1. Do we find that Arg181 is under 14 Å from Asp242 (Cα atoms), surrounded by fewer than 17 Cβ atoms within 10 Å (Cβ to Cβ) and touching a residue at least 40 places away in the same chain (Cβ under 8 Å) in this structure?
2. Of the numbered conditions (1) over 20 Å from Val278 (Cα atoms); (2) at pLDDT 90 or above, Ser215 fails exactly one; give the number of that condition.
3. Tell me which residues, restricted to segment 52-76, are touching a Phe, Trp or Tyr at 6+ places or on another chain (Cβ under 6 Å) and charged (D, E, K, R).
4. So Ala94 passes all but one of these: (1) over 20 Å from Leu16 (Cα atoms); (2) in contact (Cβ under 8 Å) with a residue 40 or more places away in the chain; (3) in a helix (DSSP H, G or I); (4) among the small types (Gly, Ala, Ser). Which condition number does it fail?
5. Can you tell me which residues in segment 57-73 are within 23 Å of Gly114 (Cβ to Cβ) and either among the aliphatic types (A, V, I, L, M) or in contact with a strand residue (DSSP E or B) (Cβ under 7 Å, 6 or more places away or on another chain) (or both)?
6. Could you look through segment 124-160, keep only residues that are farther than 30 Å from Pro300 by Cα and of a type in the set (S, T, N, Q), and pick out the one that is farthest from the chain's Cα centre (by Cα)?
7. Can you name the residue in segment 100-111 that is outside any loop (DSSP other than H, G, I, E, B) and surrounded by 14 or more Cβ atoms within 10 Å (Cβ to Cβ) and, of all such residues, is farthest from the chain's Cα centre (by Cα)?
8. Can you tell me which of (1) farther than 19 Å from Val223 by Cα; (2) surrounded by 15 or more Cβ atoms within 10 Å (Cβ to Cβ) is the one Leu147 doesn't meet?
Amino acid sequence: MTLSIAPFPVDLAASLGLAEEALRARLAPGEQLSDLLPPMASAIRTGRTNGGLLKSEGSTEGIVVWVSAGPLGVALRLLHLSSHYAGPERYDAALALAERVAGPVVFAPGSLAGLTAAEESTLMQGRGFASYGRSEMMLGPETPVPLVPVPTGITVRPVLPSDEPSLARLHERAYEDHLDRYLALEEVDPARDADRQLRDYFTGRYGEILSPGSSVVAVDGRVVAAAISTHYAPTRRALIIDVMTDPDRQGTGLGRVVLSDAVRALRERGETSIVLNVTEGNHAAFCLYTRLGFIRSMGPTHEWYDARRIRVAFPRAGNDGATTPDARVRVRTVGTPTDASSRTPPQ
């Protein structure tokens, strides 16, 4: 039976019901349906998202929703078949249909309802996908922040507006071959994409930059590490959207120095809820955050990326767990970055 995609208004009730069913089936630890469903339902009602009902011979089998993933293709936000239709062959047909209609699928959601983990892995890996996850981490208001000694010869200070060009170059180097770069990719050229990303930071796309609360480490006047925080309005929490260290300096402890300085400044300005997001598999970043007292508060999610189009290399941790690119805001549902994660709005 041939699948087709019907517009959501053809059966709005079924569209909303399947969206709720799909979100409920793939809730990550700590996620609440009440946070995810309203923006998705609103996007479907108002036509602010792409996709539709998966139908065959008059029967509604499931739902698919996608958004642009930049120049590489699209990200599926929902791919869900009702239990009566769910199976590896039908999901394979749904993925093929989505690619024909929307273009290359760069990111896809898991878990696929109705499939076992083995069935899902066989299907997705057979199509060239690799798995990844995202988690939110939080620093509790009573958690002490360890005092991290500052090595001689370096300067630690708050981020300044004049730092934007040097932070863009740091961002370009730190995120080379890192999955987080692709999660918000808008320019294929790494330099232009880094310029655009830092422009987004400084113009408030993810909330006003908090400084003090965002810090840089400089050596001989050159910025080699940074932690950037914003006040993310929808959740009214301090969100650390980027932690990055020059690859030549990773493993030397500068990530720990700059992040602890930023967190102390956030605490001093009265921020009690401090969150960031981490990509599962980035052990260097996860080690850094846990050593400073952050604990996983949401996730991990279960997602897939097209390993044929995206080359990924995770950094190695140094002896102190100091690291690399990490927390960056990314939304898993619809709309602007949310808040359960880091380059990260949440999921």
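The values are calculated or read from the model by the stated rules, or taken from the named source; none is laboratory data. As the structure is a prediction and not an experimental result, all values here were calculated from the model. Note that we place each Cβ from the backbone using ideal geometry, even for glycine, and neighbour counts take in every protein chain shown.
1. So Arg181 fails the test.
2. Failed condition: (1).
3. If the condition is that a residue be touching a Phe, Trp or Tyr at 6+ places or on another chain (Cβ under 6 Å) and charged (D, E, K, R), then Glu61 is the only one that fits.
4. (1)
5. Thr60, Glu61, Gly62, Ile63, Val64, Val65, Trp66
6. Within segment 124-160, the match that is farthest from the chain's Cα centre (by Cα) is Thr152.
7. Val101
8. Of (1) farther than 19 Å from Val223 by Cα; (2) surrounded by 15 or more Cβ atoms within 10 Å (Cβ to Cβ), only one is false for Leu147: (2).
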